[in-house]
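J.: Take this structure first; my questions come after.
The values are calculated or read from the model by the stated rules, or taken from the named source; none is laboratory data. Remember, it's a predicted structure, so these values are computed and weren't measured experimentally. Methodologically, a virtual Cβ is constructed for each residue, glycine included, from the backbone with ideal geometry; neighbour enumeration extends over all protein chains shown.
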Amino acid sequence: MNICIGGELNGQIVEKVGFQFKVDPENDKSPIYFRQSVVLESELYRFWFSSTVAFHDAITTAENIVRRKVKI
């Protein structure tokens, strides 16, 4: 999936290699996105969580996206 949660790229799909990236490396205030995986029904889904969003909120959003996709 590689969907960004929070920050400037919220909702966008970003294909990147690695475990983190910065939207604007030249700007110290630019958010950093961290790769996070969610496992549901033995399926692995990947997301990018913005450093501007609380982890609990980001994981709740990711779980909701996965559950809608799987239609549990």
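J.: For region 53-72, check the following and say yes or no: at least one residue is part of a strand (DSSP E or B) and surrounded by 11 or more Cβ atoms within 10 Å (Cβ to Cβ).
T.: Initially, region 53-72 is screened for residues part of a strand (DSSP E or B), giving none.
Taking every residue of region 53-72 in turn, none turns out to be part of a strand (DSSP E or B) and surrounded by 11 or more Cβ atoms within 10 Å (Cβ to Cβ).
J.: What pairs come up if the first residue lies in region 48-65 and is hydrophobic (A, V, I, L, M, F, W, C), the second is assigned to a helix (DSSP H, G or I), and their beta carbons are under 6 Å apart, counting only those six or more places apart or on different chains?
T.: 49/58
J.: So, one more: Of all residues in region 15-34 being under 12 Å from residue 46 (Cβ atoms) and either under 9 Å from the mean Cα position of the chain (by Cα) or at pLDDT below 90 (or both), which is surrounded by the most Cβ atoms within 10 Å (Cβ to Cβ)?
T.: This residue is 33.
J.: Could you grab me the full set of residues in region 35-51 that are surrounded by fewer than 13 Cβ atoms within 10 Å (Cβ to Cβ) and of a type in the set (A, V, I, L, M)?
T.: 39, 44, listed by residue number.
J.: Of all residues in region 1-14 being assigned to a loop (DSSP other than H, G, I, E, B) and aliphatic (A, V, I, L, M), which is surrounded by the most Cβ atoms within 10 Å (Cβ to Cβ)?
T.: From region 1-14, those assigned to a loop (DSSP other than H, G, I, E, B) are 1-2, 6-12, 14; that's our starting set.
Those left that are additionally aliphatic (A, V, I, L, M): 1, 9, 14.
Values: 1: 13, 9: 17, 14: 13.
Step by step, filter region 1-14, then rank; the result is 9.
J.: Right, another one. Test residue 46 against the stated conditions and say whether it is under 10 Å from the mean Cα position of the chain (by Cα) and charged (D, E, K, R). Even if it seems obvious, please write down each step before you answer.
T.: Details: under 10 Å from the mean Cα position of the chain (by Cα): yes; charged (D, E, K, R): yes.
Yes: the conditions hold for residue 46.
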